[in-house]
Structure formats: C-alpha cells, structure tokens
1. Which one of these does residue 40 not meet: (1) touching a strand residue (DSSP E or B) at 6+ places or on another chain (Cβ under 9 Å); (2) under 22 Å from residue 229 (Cα atoms); (3) part of a loop (DSSP other than H, G, I, E, B)?
2. Only one of (1) outside any strand (DSSP E or B); (2) in contact (Cβ under 8 Å) with a residue 60 or more places away in the chain fails for residue 259. Which number is that?
3. Name the residue, out of 199, 186, that is away from ligand 1 (no atom under 16 Å from the Cβ), in contact (Cβ under 8 Å) with a residue 60 or more places away in the chain and at negative phi.
4. Just to verify a result, which residue in region 202-248, among those that are within 12 Å of ligand 1 (Cβ to nearest atom) and in a helix (DSSP H, G or I), is nearest to residue 165 (Cα to Cα)?
5. Take the residues in region 204-232 that are closer than 20 Å to residue 149 by Cα and surrounded by fewer than 22 Cβ atoms within 10 Å (Cβ to Cβ); name whichever of them is modelled with the highest pLDDT.
6. Which one of these does residue 132 not meet: (1) assigned to a helix (DSSP H, G or I); (2) away from ligand 2 (no atom under 16 Å from the Cβ); (3) surrounded by 19 or more Cβ atoms within 10 Å (Cβ to Cβ)?
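The values are calculated or read from the model by the stated rules, or taken from the named source; none is laboratory data. Predicted model, so just to flag it, every value in this text is computed and none were measured. Using ideal geometry, Cβ is built from the backbone for each residue, glycine included, and neighbour counts are taken over all protein chains shown.
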Ligand SMILES: Nc1ncnc2c1ncn2[C@@H]1O[C@H](COP(=O)(O)OP(=O)(O)O)[C@@H](O)[C@H]1O
Ligand SMILES: [Mg+2]
C-alpha cells in the first residue's frame, strides 16, 4: 500500500491552490475539521460565498474509491450525502473536494445528553436512510463494480476471514497481537462458519456507518447527512450493522431500531459482534489507525455473544 502525505502543515500549504484550480474561485480560509484514521478533512470558505470540504487521503487511490462510493450511495438514499466536486492526485497527495454537510458528527458527546425522544427520532431517520440502500439488490456479492461471488459466505471467507486471520496469526507470532484475542477470534470463526446459513441477497451497503460518519444538528439532533463510506460492497445486509454498535452508537439505539424495522436472521447478534471484532482487529494489518480501546470492547461483546450462543446451541 502506498501512503500519501497527510501532514497538516503540508496540506494547509497545497490544498488552497488545488481547490482554486478545480473550483475556479479563491479560498478565503482553510481550517482543519477532522479525520485521522483514513484522511484529513478541511473546511474551505470560498470567495463565491460557498463552503466546501476538502479531504486528503492517507492511501494512494483511496480518493477515487471514496468518490465512486459516494456517488452510488447518494443515488440510493434520501439522506443528504456530500456531492463530489473534484478528485485530484499527484506524487504526494490524493484529494477529493466535496460539498459541505452542516452539523457535527454524532460522536460529539453533546448528543449523549439529548432527550430520549430526540435520540429515537434520530435513530429512526438513520435506519430509514440505511434501509433504502439495503433495498437495492445486486446480482453477486463483493466489489461494487465487479462482484463475482455467488454467496456471501464465499466472499466473506475468501476476502476477509482468511487473510485477516492469517495476518493476525503472523502478528501474534511476532508478539504484536494478543494470543488470547487470536484464540477468541479463531473459535468465533469456527462457530460462524458452522452456523452461517445463506439466505441473504446481495444488497448495497455503506460499510462504515458509525457515529463519526453520521452528521446531525447539534441543537435539535436532526440528521443532516451521511458521509465517509469505506468498504461499500454488495453484501449480506447484516454486515453493515456492526458499525452501528461502534463507539457509543448503541446509546442512540441504532442497532435495536434496525432490528425493529427489519427482522434479522437467527444468531444475528453473534454474527454482527463477530463481524465487528474481526474488522476492528484487522485495522492492525494496515490502512487505518489502531484503537485498542474499541478493539477490547468489540472482543468483549463477541465473548458475551459466544456465551449466549453456547446456551442456545
Ligand atoms: N463533507 C463534509 N462536510 C462536513 N464535515 C465533514 C465532511 N466530511 C468530513 N467531515 C468531518 O470530518 C470528519 C472526518 O472525516 P471522514 O471523512 O469521516 O474522515 P476519516 O475517513 O478519516 O474517518 C468527520 O467525522 C466530519 O466531522
Ligand atoms: Mg470517518
């Protein structure tokens, strides 16, 4: 994987000119607004009165991938998403310009203090928007443009389970990943492969719809937009749900609201916990930032679901 320059000072220097060339207007002000795991996002105020968001990506080519994902996802949900304004790359940076979404991402602790009613209305709006994607069915599972797998299990095993477990085993050999965690993930994999039944149709998923990628108005908690897709593929819809539990997503009842709106498969809680734990651990294999706290929480959730399942099976 080739990494690009995401140094804030460097970006502050080059992004105004890149933006001006593409949008044919002056950048009056450029300020860092967030990101870190996969990119850095800046707010640019333009002399034509518009405000846009400029994202510089850590991984070469990721700007094009995200632009394609945004364009498809935006077409299939009534929730607002950033409109792609331009993509640009040179030897040093990979950049995407997009429209600015008002509000704050919902990791903002201010949202934890909203009323139950506001949280419920928020959760319903998020799930409604998500269900619109999940109602778009494809022919096969996998890659957005070129899906080739006939079953989800085949896709998931080949593209996720096998490479991730192999990578984690190598890390563990070198003392860089806990043996205990690897054991839990390996045992959970055996259970998953035993109980997974193919019933799902391939549907369009966002792939990274956690509360950092959901925007809302700080005062009213009204949903203002979905941003930042990653891993947008044709999948079993349940694969899109572990992100709803990530961080403090469940304080807003997102996963529970989905379950109420759409009946999930048997053992879905275990499957979703498994997807989440394996995904978080896979962050150690490159790409994103490693968050040991989230990883521990995900492994604990998985352990609990395994306990519950043992009682059932
Ligand atoms: N189009 C946008 N409009 C307004 N804010 C944005 C936009 N895109 C990103 N942000 C802000 O920047 C943060 C990081 O952006 P994001 O695309 O999620 O980066 P990463 O890929 O590193 O997670 C978001 O959580 C959000 O607060
Ligand atoms: Mg994000």
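1. (3)
2. Against the list (1) outside any strand (DSSP E or B); (2) in contact (Cβ under 8 Å) with a residue 60 or more places away in the chain, residue 259 comes up short only on (2).
3. Working: 186 fails: in contact (Cβ under 8 Å) with a residue 60 or more places away in the chain.
Unique residue meeting the criteria: 199.
4. Here the residue is 243.
5. Going through region 204-232, the residues closer than 20 Å to residue 149 by Cα turn out to be 204-207, 230-232.
The next check asks that each one be surrounded by fewer than 22 Cβ atoms within 10 Å (Cβ to Cβ); those that pass are 207, 230-231.
Details: 207: 97, 230: 94, 231: 94.
The qualifying residue modelled with the highest pLDDT is 207.
6. Only one criterion is unmet by residue 132, namely (3).
Each row is one residue, and each column tells you yes or no for (1) within 13 Å of ligand 1 (Cβ to nearest atom); (2) farther than 15 Å from residue 57 by Cα; (3) modelled with pLDDT under 95.
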residue: 12; (1), (2), (3): no, no, no
residue: 30; (1), (2), (3): no, yes, no
residue: 34; (1), (2), (3): yes, no, yes
residue: 38; (1), (2), (3): yes, no, yes
residue: 46; (1), (2), (3): no, yes, no
